[in-house]
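Colleague: My structure is below; once you've seen it, I'll send some questions.
Quick note: the coordinates plus some simple rules give every number you see, no bench work behind them. Since the model is a prediction, treat every value here as computed from it, not as a measurement. Glycine also receives a Cβ, built like all others from the backbone with ideal geometry; neighbour counts cover every protein chain displayed.
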2 protein chains.
Amino acid sequence: MTDQRALVLLSGGQDSTTCLFWAIDHFGKNAVATLTFDYGQQHRIELDAARRIAAYAGVGNTILPIDTFAALGGNSLLDSSIPVPVSVGTDASGLPNTFVPGRNLVFLTYAAAYAWQRDIRHLVAGVAQTDYSGYPDCREETILALQRCLQLGMERNFRIHTPLMHRSKRETVQLAVSLGALGALGMSHSCYNGKRPPCGSCPACQLRAKGFAEAGIEDPLLTA
Amino acid sequence: MTDQRALVLLSGGQDSTTCLFWAIDHFGKNAVATLTFDYGQQHRIELDAARRIAAYAGVGNTILPIDTFAALGGNSLLDSSIPVPVSVGTDASGLPNTFVPGRNLVFLTYAAAYAWQRDIRHLVAGVAQTDYSGYPDCREETILALQRCLQLGMERNFRIHTPLMHRSKRETVQLAVSLGALGALGMSHSCYNGKRPPCGSCPACQLRAKGFAEAGIEDPLLTA
């Protein structure tokens, strides 16, 4: 069933970890592989989290290097001279200063190239437009345009699955619980400041805490 | 006139060199910059050609590193263990074995990210679907889908200009002549085997020779 294999983009964060368990539930563990990008993120702890989570779930993991975003520079997730915002906020352009332009588009295009070489046509990404981080490349309209572009540009009938697209953070936590992913979430990493235990005050920590609080579930990361 | 600046993707080949002169004609020399990708191509002579051509034209040039395609591997332009085809041909998938999946999509997405950071909204690329190399990411339908995707994903009204899209190789040579780009074409590089003077037998050399022959123009590269 070549056609039914899936590649999950696994960052090591809460959303992609939940998507991995969604993909295992949907396609079966033996049909799922994961791809992680080493793109010069300041916090290498994300890569370690991705590796640990894939091993815990019993699926393969490939880490692909991307040096180009670091060369482009200009945002606070890659450039230590630009501070991470203390709260969810925007810069003069109306976008968060953690926005890396094109990041998800490049990630998904590389994932499609990797999948193309292996005859995989299902891609799974943890992007969401509900309770989202303010990044326009997480929206469904963008992802659908990209899916069309990848289908045409590689002559392969790719399908990009985004199981979290219309879920709130609360619903994403509930989905993770229903999929038995809570243990893996204890290994995941969200904090923009690279802290473990997490700083609790950066936008990523705040969004994560909101979801667990609203779901009435204790975040296993905080008790790990 | 921030809105009217343009970024040309300059590979150092015949088509992108012609596009550079089209952009200078269209936007004015002071409104044009060029971007070149160092993506592990076997023949560094392409990068030297791009630098020389930009300097000759009097416009800026930035070279951006992309290590990811080399890490992906699996095609003859990047992997010296896979031979370059001796003629224009296809592999079992129906695509040339020089196809690097996603290459133009990634190039244009990075170009958009670079342009986004500099408030440039016009991108110029030398892709063409007439007399084309068999790459599906050169077709107009793909480029239009990508343009939409970049507009949505970066919230910027990008316009991807493809002046060669519907031109044959003969018409591209005629355009270059009319734009005064013939001198620069003598510095450009096309040969897949990295030869200068060109090997004359690889698919890129054959396509280039066909265009000059049909236009009745002597290729300045052969007399340089």
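Colleague: How shielded is B:62-71 by partner chains, expressed as the average number of their Cβ atoms within 10 Å of its Cβ atoms? Please list the in-between numbers first.
Modeller: Values: counts 1, 1, 4, 4, 5, 6, 13, 2, 1, 9.
Partner Cβ neighbours, averaged per residue: 5.
Colleague: With each run of n ≥ 4 DSSP H residues scored as -39500 (n - 2.57), what mean residue ellipticity at 222 nm is computed for the protein assembly as shown after dividing by its residue count and rounding to the nearest 500 deg cm²/dmol? Show your work: numbers first, answer last.
Modeller: Numbers: 18 runs with 186 residues, N = 448.
So the helix-based figure for the protein assembly as shown works out to -12500 deg cm²/dmol.
Colleague: Ok, one more. Please report the base-10 log of the normalised intensity I(q)/I(0) for region B:1-51, using a Debye sum with one equal scatterer per alpha carbon and no solvent, at each q in 0.18, 0.26 (1/Å).
Modeller: Treating every Cα as an identical point scatterer, log10 I(q)/I(0) equals -0.56, -0.93.
Colleague: Follow-up. Of A:154, A:165, A:187, which is the most mobile in a GNM of chain A whose springs link Cα atoms less than 10 angstrom apart?
Modeller: A:154
Colleague: Which semi-axis lengths, in whole Å and largest first, follow from the square roots of five times the eigenvalues of the Cα gyration tensor of the protein assembly as shown?
Modeller: Numbers: eigenvalues 356, 113, 59 Å².
Semi-axes, largest first: 42, 24, 17 Å.
Colleague: Based on alpha-carbon positions alone, could you give the equivalent ellipsoid semi-axes of region B:2-223 from the gyration tensor, as √(5λ), descending, whole Å?
Modeller: Its equivalent ellipsoid spans semi-axes of 25, 22, 16 Å.
Colleague: Given bins 10 angstrom wide, list per bin the percent of all Cα-Cα distances in region A:169-216, short to long.
Modeller: For region A:169-216, the binned pair fractions read 28, 54, 17 percent.
Colleague: Just to confirm my numbers, what's the Cα centroid distance between region A:9-40 and region B:1-71 in Å?
Modeller: A separation of 37 Å, based on Cα centres.
Colleague: Going highest first, how would you order A:8-20, B:112-124 by mean Cβ packing within 10 Å? Show your work: numbers first, answer last.
Modeller: Numbers: A:8-20: 27.0, B:112-124: 20.7.
So the peptides A:8-20, B:112-124, ranked by packing, come out A:8-20, B:112-124.
Colleague: Hey, can you grab everything whose amide H is under 5 Å from the amide H of residue B:121? Only 5+ residues off in sequence or another chain; H modelled, so Pro and N-termini drop out.
Modeller: Long-range HN contacts for residue B:121: B:5.
Colleague: Also, quick follow-up: Can you sort A:205, B:149 by how many other beta carbons sit within 10 Å, fewest first? Could the numbers behind the result be given before it?
Modeller: Numbers: A:205 20, B:149 30.
Taking fewest neighbouring Cβ atoms as first place, the list is A:205, B:149.
Colleague: Hey, can you grab everything whose amide H is under 5 Å from the amide H of residue B:38? Only 5+ residues off in sequence or another chain; H modelled, so Pro and N-termini drop out.
Modeller: Close amide H contacts, sequence-distant or interchain: B:64, B:66.
Colleague: Please tell me the relative contact order of region B:159-207 in percent, rounded to the nearest whole number, where contacts are Cα pairs under 8 Å and at least six residues apart. Intermediate results must be reported in sequence, preceding the final value.
Modeller: Details: 22 pairs, mean separation 10.8, N = 49.
It rounds to 22 percent for region B:159-207.
Colleague: Let me ask you something else. Could you size up the charge dipole of the protein assembly as shown around its Cα centre, putting +1 on the beta carbon of Lys and Arg and -1 on that of Asp and Glu, and report it in debye to the nearest 20?
Modeller: Around 140 debye, computed over the protein assembly as shown.
Colleague: Place +1 on the Cβ of every Lys and Arg and -1 on the Cβ of every Asp and Glu in chain A, take the dipole about the Cα centre, and give the residue among A:40, A:20, A:30 whose Cα lies farthest towards its positive end.
Modeller: Positive-most Cα among the choices belongs to A:30.
Colleague: Still on this structure, please answer the following. So if each residue of separation counts as 0.36 nm, and I subtract the Cα-Cα distance between residue B:130 and residue B:157, what length gain in nm does that give? Kindly include the intermediate steps, with their values, before the conclusion.
Modeller: Numbers: separation 27, 0.36 × 27 = 9.72 nm, distance 2.69 nm.
Extra length from residue B:130 to residue B:157 when fully extended: 7.0 nm.
Colleague: Next question. For Cα pairs less than 8 Å apart in space and 6+ apart in sequence, what is the mean separation divided by the residue count of chain A, i.e. the relative contact order in percent?
Modeller: 24 percent
Colleague: Placing +1 at every Lys and Arg Cβ and -1 at every Asp and Glu Cβ, with all other atoms neutral, what dipole size does chain A have around its Cα centre, in debye to the nearest 20? Write down the numbers at each step before the final one.
Modeller: Details: 19 positive and 19 negative charges, 64 e Å.
The dipole of chain A has a size of about 300 debye.
Colleague: Spelling out what I want: for every residue of region A:20-28, take phi, set θ = phi - 60°, compute 6.51 cos²θ - 1.76 cosθ + 1.60 (Karplus), and round to whole Hz; glycine and proline get x.
Modeller: Whole-Hz 3J(HN,Hα) from phi for region A:20-28: 4, 6, 4, 5, 4, 5, 7, 10, x.
Colleague: Also: Which order do B:148, A:52 fall in if you start with the one that has the fewest other Cβ atoms within 10 Å?
Modeller: Values: B:148 19, A:52 16.
Fewest to most other Cβ atoms nearby, the residues stand as A:52, B:148.
Colleague: Counting other beta carbons within 10 Å of each Cβ, put A:5, A:208, B:44 in order, fewest first.
Modeller: On the way: A:5 19, A:208 26, B:44 11.
With the sparsest Cβ surroundings first, the list reads B:44, A:5, A:208.
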